[in-house]
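The values are calculated or read from the model by the stated rules, or taken from the named source; none is laboratory data. The shown structure was predicted, so the numbers you read here are calculated from the model rather than taken from an experiment. Here Cβ is always computed from backbone atoms with ideal geometry, including for glycine, and neighbour counts include all displayed protein chains. Each accessible area value is taken on the protein alone, full model and side chains, heavy atoms only, with ligands, DNA and RNA left out. Shrake-Rupley method; radii C 1.70, N 1.55, O 1.52, S 1.80 Å.
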Amino acid sequence: MTASQKIFITGASSGIGAAMAMEYAKRGATLGLAARRKEKLEQIAQECLNQGAKDVKTYSLDVKDAGVSEQIAKEFMALGEGIDIVVANAGLAISDQLAKGESSRINHLLNTNILGVTNTIIPFIPQMKKQKKGKCVIISSIAAFNPMPYFGGYGASKVAVRMLADSWRKTLLKHNIQFTTICPGYVKSEMTDVNEFHMPFLMATDVAARKMLRAIDVGKKTYILPWQWRVIIRLKLFNLMLKLLG
């Protein structure tokens, strides 16, 4: 990886997004960091500069806003030589709260987690096609394989973005555009800190980020982490196949 790579990350003010930004900063990348919390984002940007980033631009962004997402993408690409990596990380993990009898909560989650991905990735595609290269990273979840009680909306959104990545990978293969879908288990962050239930195989954020970067580097199509979840998911899929054949 060269020091001049340009990398754009949404949801970069905390958690996985911030940790990935730090790891790319150590490689001397030029970073575009987007999130809703501008003050927190500026703190992450300064830390990235301290870690060795060539340059860091911050953008206040609600990924549900397609127009603003497109404008920010154009602004970041205009700073230099196109774009190398886009990471669609922004998202919510909240319960359905079905007993309340209203859909605004789950609709907000679906709009953020699904439209946030399309709004993030698509504006960069024409430039990637023009330069005949680029890497798109979509953060899904183990919930895309493993239905969770109370979190149906979250799981559905993560299935949806995984399917988008699988389709776009085939669509854009001839343009040398790579799609990596990352499906993490529980990673320590502000999002998981509020969970009161047991989180098996909980990973430290920096450890998870380094593993994700390696998966992107080698062009993994779908990367599930930690390894224990890969075993569990494969066993579940194997058992499902046996039931279908039986």
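A few notes on this one:
- Ordered by solvent-accessible area of protein heavy atoms (1.4 Å probe), largest first, the residues 49, 33, 245 come out as 245, 49, 33.
- Spacing of the two label points (7 Å from each Cα toward its C-beta) at residue 236 and residue 105, in nm: 2.2
- Cα shape, the stretch 1-90, gyration tensor, a/c 1.5 rule: oblate
- Fully extended contour minus Cα-Cα distance, from residue 64 to residue 38, at 0.36 nm per residue: 7.7 nm
- Label point 7 Å beyond Cα of residue 243 along Cβ direction - residues of the stretch 146-180 with amide nitrogen under 12 Å: 147
- Once the chain from residue 27 to residue 95 is taken as fully extended at 0.36 nm per residue, the excess over their C-alpha distance is 20.8 nm.
- Among the lysines of the stretch 1-91, pairs that are 8 or more positions apart or on different chains and have alpha carbons within less than 19 Å of each other number 11.
- Normalised size of the stretch 92-246, defined as Cα radius of gyration per 2.2 N^0.38 Å with N residues, equals 1.12.
- Accessible area of the chain divided out per residue, in Å², using a probe of 1.4 angstrom: 50
- Label-point gap, in nm, between residue 50 and residue 199 - each point 7 angstrom along Cα→Cβ: 2.4
- Environment charge of residue 119, counting only residues whose C-beta is closer than 12 Å and scoring Lys/Arg +1, Asp/Glu -1: -2
- Between residue 224 and 183, the built amide H atoms are under 5 Å apart, and every one of these is 5 or more places off in sequence or on another chain.
- Between residue 170 and residue 210, the contour length at 0.36 nm per residue exceeds the alpha carbon distance by 11.8 nm.
- Each of 109, 126, 76 was placed along the dipole of the stretch 1-156 (beta-carbon charges, centred on the mean Cα), and the one lying farthest toward the positive end is 126.
- Each residue of the stretch 1-54 gets 56 Å³ once the volume of the Cα convex hull is shared out per residue.
- Portion, in percent, of the accessible area of the chain that falls on carbon or sulfur, probe 1.4 Å: 56
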